[in-house]
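The values are calculated or read from the model by the stated rules, or taken from the named source; none is laboratory data. Just so it is clear, the structure is predicted and the values come from calculations on it, not from any experiment. Cβ coordinates were reconstructed from backbone atoms using ideal geometry, including for glycine residues, and neighbour counts include every protein chain displayed.
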Amino acid sequence: MKAVCWFGPRDVRVERVKDPELLNPRDAIVKVSSTAICGSDLHLYNGFVPTMAQGDILGHEFMGEVVEVGKGIEGDGLAVGDRVVVPFPIACGDCFSCVDGMFSVCENSNPNAWMAEKMWGHATSGIFGYSHLTGGYAGGQAEYVRVPYADVGPVKVPDGLPDDQVLFLTDIFPTGYMAAEACELEPGDTVAVWGCGPVGLFAIASAFLLGAERVIAIDRFPERLRLARERCGAETLDYEQVDVRAALEEMTGGLGPDHCIDAVGMEAHTPGIEGRYDRLKQALMLETDRPGALRQAILSCRGGGTVSVPGVYGGVVDKVPLGSVMNRSLTLKTGQTHVQRYVRPLLERIQNGEIDPSFMITHRLALDEAPGAYDMFLRKQDECIKVVLRP
Amino acid sequence: MTTTTRERVAREGTRVAPEHDGGERRRAGGGDGVVDGLGWLSVGLGLAELLVPDGLARFIGVRRRPLLFRALGLRELASGVGLLSHRRPGTALWSRVVGDAIDLALLGAAARGRAPVRLIAATAAVVGVTTVDVVCAVRNTRRRPASGRRRVVRTISVNRTPAECYAFWRDPQNLACVMEHIVDVQAHDARRSRWTARGPGGTTITWEAEVVHDEPDRLIAWRSLEGDLETAGEARFEARPGGRGTLVRVALEYRPPLGLLGRLAAPLVLEAPERQLKEDLRRFKALLETGEIATTEGQPAGRREVVHRTLARLLTGGVS
Ligand SMILES: NC(=O)c1ccc[n+]([C@@H]2O[C@H](COP(=O)([O-])OP(=O)(O)OC[C@H]3O[C@@H](n4cnc5c(N)ncnc54)[C@H](O)[C@@H]3O)[C@@H](O)[C@H]2O)c1
Ligand SMILES: [Zn+2]
Ligand SMILES: [Zn+2]
């Protein structure tokens with residue numbers, strides 16, 4: 001089959017590889033009908049996530065048709081021919097964490113748990129196509145993919161809904177939703193969202209679904225800010241034009257937004273000295289991540305508010321104002337999304353017409369065009385916001 | 001040598017104090033902190049060499065040689081992963097020493113003719129690190145116990161009742177599934193069984209074992225009777241509070257036998273016993289909770305060049 005493989009920083013190629021096979025009793029094989037490139041894939045593409053190996057198959061946002069199921073789950077609700085969306089965290093459904101709903105910290109699905117323990121103290125779940133730290137699983141930017149614990153992750157979707165409307169249930173819609181949910185919104189709340197990429201846009205939309213009064217969105221790309229404004233109903237700030245912290249204070253009567261969401265993550269673009277400082281430290285391996293947006297989110301937030309962090313961080317960061325978090329009673333919430341929790345309720349919202357997630361798709365391409373698509377998405381060229389590949 | 005493991009366990013029954021855990025591990029790992037530190041240093045430097053070879057060359061003031069730097073980076077990364085995995089710290093450390101020698105030779109070559117301050121600093125740094133590496137390597141190589149008793153204790157939480165955990169442990173076939181080096185277990189009856197483990201170079205070692213203590217749903221203890229390996233151990237099953245499954249606590253003791261074959265065979269079973277027990281318990285938990293053990297072995301991947309195949313194998317856990 002064909003698959004998008006990582007070969008090094010800024011080097012992905014479409015390769016011919018062998019087809020995946022069932023390896024465990026609860027596996028299924030899914031024939032991929034649509035798969036997307038995520039902002040998280042850019043961290044791999046740029047080489048900022050350690051333990052990638054040449055030839056690793058990328059992709060954690062994918063859906064398709066079940067073509068084979070393992071002996072362990074035959075007759076267990078999932079059958080050949082089902083059309084399913086597949087959550088990006090790989091989770092067993094049986095361990096304490098899974099039963100508790102914390103699927104992305106499943107205790108059994110990461111075969112390289114020892115490696116993750118070295119890096120993070122304790123291990124995380126496996127994740128499709130996301131480095132060997134999270135299990136080294138082959139990803140879904142391919143014609144076929146093996147899905148472990150297929151009785152837990154995949155959710156059947158009705159034929160009436162096209163791929164474009166349900167594909168993002170695999171990651172970014174639940175991710176934006178979980179980020180907004182973490183703010184425990186109350187009537188009248190104002191939420192600020194850093195980053196108007198797909199995750200940020202879903203965080204904005206979800207904040208409104210969950211009852212926010214106002215959302216203020218921050219980015220620098222006009223097309224992204226336009227979507228935030230016109231499709232999601234946010235007020236917007238271009239951080240290259242205004243001093244974000246001053247503007248937020250001004251817009252909130254000096255208090256700051258009630259809740260702040262960092263939907264940017266470890267590769268924040270920060271103008272000025274601060275940005276150059278982080279780039280230097282990152283290049284010298286003195287910090288792994290550049291937390292520019294996180295710093296700003298913390299300092300901006302109203303006392304007693306929530307800083308919710310869906311943006312991905314990998315390792316250690318420098319000069320994060322923890323004193324501000326502590327002294328001002330902020331709540332810090334974060335995590336790889338527990339997608340399994342959200343697929344069904346959010347599917348319902350799509351079916352009810354409360355939201356049509358396809359609005360952010362700017363490019364529909366063939367799998368073969370993946371290398372160019374990564375480059376375009378990285379540089380945000382051609383007003384690229386979200387790329388969907390069809391194998 | 002006054003008492004054998006067997007006699008000791010027989011005499012002391014199965015009393016294994018949990019506080020032995022930390023102490024034993026600290027002693028066994030010997031300078032774990034330093035090894036980990038060197039591991040992270042390797043990973044960091046390796047990544048730098050791989051990702052920004054030109055920047056690094058500029059930084060330390062040598063000529064740009066991206067390919068060479070990438071190759072060095074890969075070697076460095078492999079050592080780092082090896083060190084952090086604790087699989088064979090001795091081997092990984094010696095690989096660092098070899099790498100240091102290469103680095104020094106290269107810096108020497110680069111220095112010919114001119115010796116800017118940064119280059120001198122870089123060389124001094126490498127010499128310093130080399131010293132630490134050699135000391136650690138010697139220490140860790142010596143520490144690999146070819147003989148003498150080893151004792152390890154580890155616990156794991158399993159989301160099943162103590163009765164289920166006990167029943168699962170009681171079936172030797174299940175243990176054969178989760179224990180990496182065990183190839184076969186034949187149960188003669190409810191108490192006696194014959195164990196076969198992998199030795200080096202495709203050989204196997206075997207021993208007879210018997211259950212010496214058996215309290216249903218709470219505890220099993222066993223010891224070896226005769227064979228290539230002297231071993232004893234126990235597994236305890238306690239309910240965790242709040243209905244949160246079971247705390248499984250396993251204590252093992254090994255004494256490699258005196259025979260030549262035994263001495264040769266010992267390294268595989270006794271290789272990093274702490275890590276071994278930890279991984280075995282992880283698989284025990286997975287098999288019991290989910291009915292399978294997570295794996296990626298046999299999945300597709302794009303073509304990897306030779307060095308990357310090695311790295312990939314390292315990363316997917318095939319280090320030993
Ligand atoms: N928690 C999870 O489970 C999860 C899931 C998916 C994605 N993510 C993460 O969410 C983040 C965003 O993903 P995406 O797909 O939207 O990526 P994206 O690259 O499309 O969007 C990031 C946006 O942030 C903007 N940005 C950069 N620096 C900024 C700054 N200083 N202030 C404000 N905006 C800034 C960029 O201009 C860009 O529009 C990534 O870190 C990704 O890894 C997390
Ligand atoms: Zn994603
Ligand atoms: Zn689990």
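Structure data summary
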| read-out | value |
| --- | --- |
| Those residues of segment B:176-216 which are in contact with a helix residue (DSSP H, G or I) (Cβ under 8 Å, 6 or more places away or on another chain) and either outside the structural domain of B:Leu252 (by TED's automatic domain parsing) or of a type in the set (A, V, I, L, M) (or both), in sequence order | B:Val178, B:Met179, B:Ile182, B:Val183, B:Val185, B:Ala187, B:Ala197, B:Ile205, B:Val212 |
| Meets criteria (surrounded by fewer than 24 Cβ atoms within 10 Å (Cβ to Cβ), outside the structural domain of A:Ala366 (by TED's automatic domain parsing) and assigned to a helix (DSSP H, G or I)) for A:Phe202 | no |
| Neighbours by Cβ (under 8 Å, 6+ apart or cross-chain): first from segment A:319-331, assigned by TED's automatic domain parsing to the domain that holds A:Ile298 and loosely packed, with under 12 Cβ neighbours inside 10 Å; second in a loop (DSSP other than H, G, I, E, B) and not β-branched (Val, Ile, Thr) | A:Ser329/A:Gly303; A:Ser329/A:Gly304 |
| Within segment A:73-93, considering residues that are more than 13 Å from A:Pro148 (Cα to Cα) and buried (at least 21 other Cβ atoms within 10 Å of the Cβ), the one farthest from ligand 2 (Cβ to nearest atom) | A:Val84 |
| All positions within segment B:137-168 that are part of a helix (DSSP H, G or I) and modelled with pLDDT of 90 or more | B:Pro162, B:Ala163, B:Glu164, B:Cys165, B:Tyr166, B:Ala167, B:Phe168 |
| Residue in segment A:104-118 that is in contact (Cβ under 8 Å) with a residue 40 or more places away in the chain, within 14 Å of ligand 2 (Cβ to nearest atom) and crowded, with 24+ Cβ neighbours inside 10 Å present | yes |
| From the options A:Glu61, A:Glu107, A:Glu65, A:Glu74, residue that is among the acidic types (Asp, Glu), assigned by TED's automatic domain parsing to the domain that holds A:Thr362 and within 16 Å of ligand 1 (Cβ to nearest atom) | A:Glu61 |
| Some residue of segment A:272-281 being part of a loop (DSSP other than H, G, I, E, B) and buried (at least 16 other Cβ atoms within 10 Å of the Cβ) | no |
| Residue match in segment A:297-305 (condition: free of Cβ contacts under 8 Å to residues at least 40 places away in the same chain, away from ligand 2 (no atom under 16 Å from the Cβ) and within 23 Å of the chain's Cα centre (by Cα)) | yes |
| Enumeration of residues in segment A:50-63 that are at positive phi and away from ligand 2 (no atom under 16 Å from the Cβ) | A:Thr51, A:Gly55 |
| Unmet requirement for A:Asn24, which otherwise passes all of (1) over 22 Å from the mean Cα position of the chain (by Cα); (2) surrounded by fewer than 17 Cβ atoms within 10 Å (Cβ to Cβ); (3) at the interface with chain B (Cβ under 10 Å from one of its Cβ atoms) | (2) |
| Enumeration of residues in segment A:63-87 that are farther than 20 Å from B:Thr296 by Cβ and within 14 Å of chain B (Cβ to nearest Cβ) | A:Glu74, A:Asp76 |
| In segment A:142-151, the residues that are buried (at least 24 other Cβ atoms within 10 Å of the Cβ) and more than 9 Å from chain B (Cβ to nearest Cβ) | A:Val145, A:Val147, A:Ala150 |
| Residue selected from segment A:8-21 under the condition touching a Cys at 6+ places or on another chain (Cβ under 8 Å) and of a type outside the set (Asp, Glu), by the criterion nearest to the other protein chains (Cβ to nearest Cβ) | A:Val17 |
| Residue list for segment A:310-337, filter: within 15 Å of ligand 1 (Cβ to nearest atom) and within 14 Å of another protein chain (Cβ to nearest Cβ) | A:Gly314, A:Gly315 |
| Matching entry among A:Gly160, A:Gly139, A:Gly121 (being more than 9 Å from chain B (Cβ to nearest Cβ) and either within 15 Å of ligand 3 (Cβ to nearest atom) or in contact (Cβ under 8 Å) with a residue 12 or more places away in the chain (or both)) | A:Gly139 |
| Condition met for A:Ser34 (within 15 Å of ligand 2 (Cβ to nearest atom), surrounded by fewer than 24 Cβ atoms within 10 Å (Cβ to Cβ) and not in a loop (DSSP other than H, G, I, E, B)) | yes |
| Criterion violated by A:Cys5 - all others in (1) buried (at least 17 other Cβ atoms within 10 Å of the Cβ); (2) more than 9 Å from chain B (Cβ to nearest Cβ); (3) in a strand (DSSP E or B) satisfied | (2) |
| Verdict on A:Val12 being within 16 Å of ligand 2 (Cβ to nearest atom), β-branched (Val, Ile, Thr) and assigned by TED's automatic domain parsing to the domain that holds A:Lys386 | yes |
| Restricting segment B:287-307 to residues that are surrounded by 20 or more Cβ atoms within 10 Å (Cβ to Cβ) and in contact (Cβ under 8 Å) with a residue 40 or more places away in the chain, the residue that is nearest to A:Pro148 (Cα to Cα) | B:Glu289 |
| Any chance A:Ala207 is surrounded by fewer than 24 Cβ atoms within 10 Å (Cβ to Cβ) and under 18 Å from A:Thr334 (Cβ atoms) | no |
| Residue under evaluation B:Pro216, criteria (1) at pLDDT 90 or above; (2) over 26 Å from B:Leu247 (Cα atoms); (3) exposed (fewer than 14 other Cβ atoms within 10 Å of the Cβ), criterion not met | (2) |
| Subset of segment A:319-338 (residues that are in a loop (DSSP other than H, G, I, E, B) and touching a Leu at 6+ places or on another chain (Cβ under 7 Å)) | A:Val320, A:Pro321 |
| Contacts under 9 angstrom Cβ, first residue in segment B:218-245 being at positive phi, partner at pLDDT 95 or above and surrounded by fewer than 18 Cβ atoms within 10 Å (Cβ to Cβ), 6 or more apart | B:Gly245/A:Phe96; B:Gly245/B:Ser157; B:Gly245/B:Thr161; B:Gly245/B:Ala239 |
| Out of A:Ile90, A:Ile29, A:Ile57, sole residue that is within 16 Å of ligand 3 (Cβ to nearest atom), within 14 Å of chain B (Cβ to nearest Cβ) and hydrophobic (A, V, I, L, M, F, W, C) | A:Ile90 |
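Matching residues to (1) out of contact with any strand residue (DSSP E or B) (no Cβ under 6 Å at 6 or more places or on another chain); (2) β-branched (Val, Ile, Thr); (3) closer than 16 Å to A:Ile261 by Cβ:
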| residue | (1), (2), (3) |
| --- | --- |
| A:Ser308 | no, no, yes |
| A:Tyr313 | yes, no, yes |
| A:Asp318 | yes, no, no |
| A:Pro321 | yes, no, no |
| A:Asn327 | yes, no, no |
| A:Leu330 | no, no, yes |
| A:Lys333 | no, no, yes |
| A:Thr337 | yes, yes, yes |
| A:Arg341 | yes, no, no |
